[in-house]
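Asker: Let me give you the structure first, and then I'll get to my questions.
Each value in this text was obtained by applying a stated rule to the coordinates, not by laboratory testing. Not measured: the values here are computed from a predicted model. A quick note on method: Cβ atoms are made from the backbone with ideal geometry, for glycine too, and the neighbour counts reach across all protein chains shown.
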2 protein chains.
Amino acid sequence: MSDPLVIGLDVGGTSSRVVVTDLAGTRLGTGLGGGGNPVAHGAEAAAAAVGAALDEALTGIDPGRIRAAVIGLAGGTQVRKALDPVWPARGITCPVRLVGDAEVAFASATAEPDGTVLIAGTGAIAAQITGRRLGLISDGHGWLLGDRGSGFWLGLHAVRAALADLEEGIETSLTIPIRDKLVGQSVFATRRALVSAMIAAAHAEPPVTLSRFAPLVLDAAVAGDPVAKNLITEAAGFLLRSTAAVRGPRETGPIALAGSLLTVATPLAHRVRAELGARWPAAELVSATDGAAGAAWLAALSLDPSAPHPSTPPSRPTP
Amino acid sequence: MSDPLVIGLDVGGTSSRVVVTDLAGTRLGTGLGGGGNPVAHGAEAAAAAVGAALDEALTGIDPGRIRAAVIGLAGGTQVRKALDPVWPARGITCPVRLVGDAEVAFASATAEPDGTVLIAGTGAIAAQITGRRLGLISDGHGWLLGDRGSGFWLGLHAVRAALADLEEGIETSLTIPIRDKLVGQSVFATRRALVSAMIAAAHAEPPVTLSRFAPLVLDAAVAGDPVAKNLITEAAGFLLRSTAAVRGPRETGPIALAGSLLTVATPLAHRVRAELGARWPAAELVSATDGAAGAAWLAALSLDPSAPHPSTPPSRPTP
């Protein structure tokens, strides 16, 4: 009989990642699909994106060997229903545990069972982790209702800043690139016509895609633009506030940073790290790596409590 | 040859109104359709809604008699294109002037040529009116980018307030009605599951429909709910700020109030009127009535500069 395998998924607003490993953590398959969050993309598109990533990861693997699966995803029970059909359709019959994206991000960053995770990617959420499970959470309310300090939030405020420049003369270097990305090189008879066209263009696309403007804010802040720098400061303030809502002042577990805005060297990551370090000087700041690998590790732990964390060097050669 | 007729349209986020009159202001036809703003509803749905209202208003009227048309609508040139096809399809060949919803609201409220108009309905905008034409404007940026203090804004913040109650214990009487409207009487295993379901439900519908929660905020404020009262205060502050951005401290022309939040006796209307009166004590506060009638009057003025304002008593009996 073949060794048991596990599968881990990290499903986000802009991509879905899948990893298949054995219980020693050896990677046997990986898959990448589009955004698979049913709240952001709708149930059908989400299931298709996750299914495509699964198919890629399972290429050449007997699905009967999969004994445990963990899927990390923002959202609750309604979200689960949307993705339920993808498993039996691929011959996977083992238990599938749905956990928050925060749990897999934390698990990918550290082998510790307790601490805090702060995510800022397309969305934003802070969470307490206790025994590798979600405790308190703050924000994670989605682009319409929250996600303050996220990539969507930065992108939205970049457009607002461009309008404030055009209409009120609050100058920012964001205006030209935002204009170009929203309405191209079109010529408008009046400034008001330009503003109207930009507003119409911003409303014409799925709102969450405004997160594509977040890198413009990061770049402008690095170049010293005061409006962009203020947005970074404000975003960092929201992320810190969310973290403080789930972490006591004397907690000492690691703080895992996750999401594209915090895991690479952005001015937002720099500022958030500095403020976290000032408020919780004893905390180790760790970075989420591959959430799907974290999810696969959580699945492996459910079968073998001694399964090594992905960051552990392998104790035996890959078969 | 028959007397010339004019047609006026007031196209908003939730309804489209059409009035056909003669040059004396006698109403010969009216029509009502769904929301016809192409930014909010898309070009095709907007044209269909406006077309249906036109068809109703033109019942039994020879379209060849229509000599001037004015359409009031938030938005600019891109918006115009979406509605262009509705006219020739109905045999209307006269010039059609597209003006801002602010211009028709002001024209419906007063015969004065100069002043200020403040609209708070589904959206929100303040505008300077000079010679019955749009001067400076403030906000009107749509639900995604602005419309601060609007019905959408109140509805959005009502949902946020309900989440803050459920998650942070900031009590408000808004929570139960918002919960009931978003997820019905469903039972959830945990408070977190309820919160997730409410977030998913809010994201699942067109965002602008959140404006249907605005009356809940108005009612709760009347009943003394402190969270709702704060939202009213904040909304009034945004509307006042927009007004001050387009009206100098010494201007004396009338201030026209328009939109469902300001033309009926709501706590928001009460507060906005009090603050406008305090800041511009010399200004007459007038209420927009029927924007379509205002638009029809603007169309009549283009043919006959002495055409009577809709508020003028008729000088001759209806034929």
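Asker: Quick check on chain A: helices-only [θ] at 222 nm, where DSSP H runs of length 4 and up contribute -39,500 (n - 2.57) each and the sum goes over total residues. Nearest 500, please.
Answerer: Details: 12 runs with 136 residues, N = 319.
Rounded to the nearest 500, the figure is -13000 deg cm²/dmol.
Asker: At a 10 Å Cβ-Cβ cut-off, how would you order B:H203, B:H309, fewest neighbours first? Write down the numbers at each step before the final one.
Answerer: Details: B:H203 20, B:H309 17.
The most exposed by this proxy come first: B:H309, B:H203.
Asker: Choose one of B:A124, B:G151, B:T209: the residue whose Cα lies farthest towards the positive end of the charge dipole of the stretch B:112-283 (beta-carbon charges +1 Lys, Arg; -1 Asp, Glu; about the Cα centre).
Answerer: Positive-end residue among those listed: B:A124.
Asker: Further question on the same structure: Cut-off is 10 Å between beta-carbons; in what order do B:L32, A:L166, A:L145 appear when sorted fewest neighbours first?
Answerer: Numbers: B:L32 14, A:L166 17, A:L145 20.
Least crowded to most crowded, the residues run B:L32, A:L166, A:L145.
Asker: Ordered shortest first, which distances in nm separate the 7 Å Cα→C-beta label point of B:A244 from those of the other copies?
Answerer: With the label placed 7 Å along Cα→Cβ, B:A244 yields 2.8 nm.
Asker: Also, I was wondering about something else. Rounded, prolate or oblate, given the Cα gyration tensor of the stretch A:17-151, with a/c below 1.5 counting as rounded?
Answerer: Verdict is oblate for the stretch A:17-151.
Asker: Further, regarding this structure: Can you tell me the FRET efficiency between A:T190 and A:R90 if r is taken as the Cβ-Cβ distance and R0 is 56 Å, rounded to the nearest 0.05?
Answerer: Working: r = 56 Å, r/R0 = 1.00.
That gives a FRET efficiency of 0.50.
Asker: What ratio of Cα Rg to 2.2 N^0.38 Å holds for the protein assembly as shown?
Answerer: On the way: Rg = 28.3 Å, N = 638, 2.2 N^0.38 = 25.6 Å.
In units of the 2.2 N^0.38 Å rule of thumb, it is 1.11.
Asker: Same structure again: Straight-line reach only, C-alpha to C-alpha below 16 angstrom: list the aspartates and glutamates that A:K229 could link to, leaving out same-chain residues fewer than 8 apart.
Answerer: The qualifying aspartates and glutamates are A:D165, A:E171, A:D219, A:E275.
Asker: Could you size up the charge dipole of the stretch B:193-319 around its Cα centre, putting +1 on the beta carbon of Lys and Arg and -1 on that of Asp and Glu, and report it in debye to the nearest 20?
Answerer: Working: 9 positive and 9 negative charges, 53 e Å.
Using only the charged Cβ atoms, the result is roughly 260 debye.
Asker: Another one. Rounded to the nearest 5, what is the percent of antiparallel bridges among the DSSP beta bridges in the protein assembly as shown?
Answerer: Details: 50 of 86 bridges.
The antiparallel fraction comes to roughly 60 percent.
Asker: Starting from the amide H of A:V99, placed 1.01 Å from N in the peptide plane, find each other amide H under 5 Å away whose residue is 5 or more places distant or on another chain.
Answerer: Here the answer is A:I71, A:G72, A:L73, since their amide H atoms fall under 5 Å of that of A:V99.
Asker: If one takes the longest principal axis of the Cα atoms in chain B, at what angle in degrees, from 0 to 90 and to the nearest 10, does the Cα axis of helix B:267-279 lie?
Answerer: 70 degrees
Asker: Measuring from a point 7 Å out along Cα→Cβ, what nm distances, shortest first, does B:E56 have to its partners in the other copies?
Answerer: Copy-to-copy label distances for B:E56: 5.1 nm.
Asker: Output the antiparallel fraction of DSSP beta bridges having both residues in the stretch B:112-283, as a percent to the nearest 5.
Answerer: Working: 11 of 15 bridges.
The antiparallel fraction comes to roughly 75 percent.
Asker: What is the fewest-to-most order of A:V159, A:V217 by other Cβ atoms lying within 10 Å of their Cβ?
Answerer: Values: A:V159 25, A:V217 31.
Least to most surrounded, the residues fall as A:V159, A:V217.
Asker: Size of the dipole of chain A about the Cα centre, Lys and Arg at +1 and Asp and Glu at -1 on the beta carbon, nothing else charged, in debye to 20?
Answerer: Working: 25 positive and 28 negative charges, 51 e Å.
In total the dipole reaches around 240 debye.
Asker: Shifting gears a bit: If the reach is capped at under 28 angstrom between alpha carbons, list the lysines near B:K81, excluding any in the same chain fewer than eight residues apart.
Answerer: Within the straight-line cut-off, B:K81 pairs with A:K181.
Asker: With θ set to phi - 60°, apply the Karplus curve 6.51 cos²θ - 1.76 cosθ + 1.60 along the stretch B:101-110 and write out the HN-Hα couplings as whole Hz, x wherever there is a Gly or Pro.
Answerer: 4, 5, 5, 6, 5, 4, 5, 6, 8, 7
Asker: For the rotation taking A to B, I'd like to know which residue in chain A has the C-beta closest to the axis, plus that distance in Å.
Answerer: It is A:P207, 4, counting Cβ atoms only.
Asker: Quick query: amide H of A:S287 versus all other amide H atoms, modeled in the peptide plane; which residues come in under 5 Å with a sequence gap of 5 or more or a different chain?
Answerer: Here the answer is A:L257, since their amide H atoms fall under 5 Å of that of A:S287.
Asker: Rounded, prolate or oblate: which fits the stretch B:10-52 when a ≥ b ≥ c are the square roots of the eigenvalues of the alpha-carbon gyration tensor, with rounded for a/c under 1.5 and prolate only if a/b beats b/c?
Answerer: Working: a/c = 3.25, a/b = 2.81, b/c = 1.15.
It is prolate, given that a/c is not under 1.5 and a/b is the larger ratio.
Asker: Rounded if a/c is under 1.5, else prolate if a/b beats b/c, else oblate: with a ≥ b ≥ c from the C-alpha gyration tensor eigenvalues square-rooted, which is the stretch A:113-283? It would help to have the intermediate numbers written out before the result.
Answerer: Values: a/c = 3.10, a/b = 2.17, b/c = 1.43.
Prolate shape, in that a/c is at least 1.5 and a/b is the bigger ratio.
Asker: Whole-Hz Karplus ³J(HN,Hα) for the stretch B:4-12, in order, using 6.51 cos²θ - 1.76 cosθ + 1.60 and θ = phi - 60°, x for Gly and Pro?
Answerer: Once rounded to whole Hz, the list reads x, 10, 10, 10, x, 10, 10, 10, x.
Asker: For chain B, what does the equivalent ellipsoid look like in terms of its semi-axes, each the square root of 5 times an eigenvalue of the Cα gyration tensor, given largest first in whole Å?
Answerer: Working: eigenvalues 280, 114, 46 Å².
Sorted largest first and rounded, they come to 37, 24, 15 Å.
Asker: Let me ask something else. Provide an ascending nm list, one decimal, of label-point separations from A:H270 to the equivalent residue in each further copy; define each label point as 7 Å from Cα along Cα→Cβ.
Answerer: With the label placed 7 Å along Cα→Cβ, A:H270 yields 5.2 nm.
Asker: Still on this model: Residue by residue through A:137-144, how many Cβ atoms from other chains fall within 10 Å of the Cβ on average? Intermediate results must be reported in sequence, preceding the final value.
Answerer: Details: counts 3, 2, 2, 3, 11, 5, 3, 11.
For peptide A:137-144, the averaged partner shielding equals 5.
Asker: While we're looking at this one, here's another question. Might you report the magnitude of the Cβ-based charge dipole of the protein assembly as shown about its Cα centre, with Lys and Arg at +1 and Asp and Glu at -1, to the nearest 20 debye?
Answerer: On the way: 50 positive and 56 negative charges, 49 e Å.
Dipole of the protein assembly as shown, to the nearest 20 debye: 240 debye.
Asker: Given 0.36 nm per residue, what is the gain on full extension from A:L136 to A:R279 after removing their alpha carbon distance, in nm? Walk me through the intermediate numbers first.
Answerer: Working: separation 143, 0.36 × 143 = 51.48 nm, distance 1.88 nm.
Using 0.36 nm per residue and subtracting the Cα-Cα distance, I get 49.6 nm.
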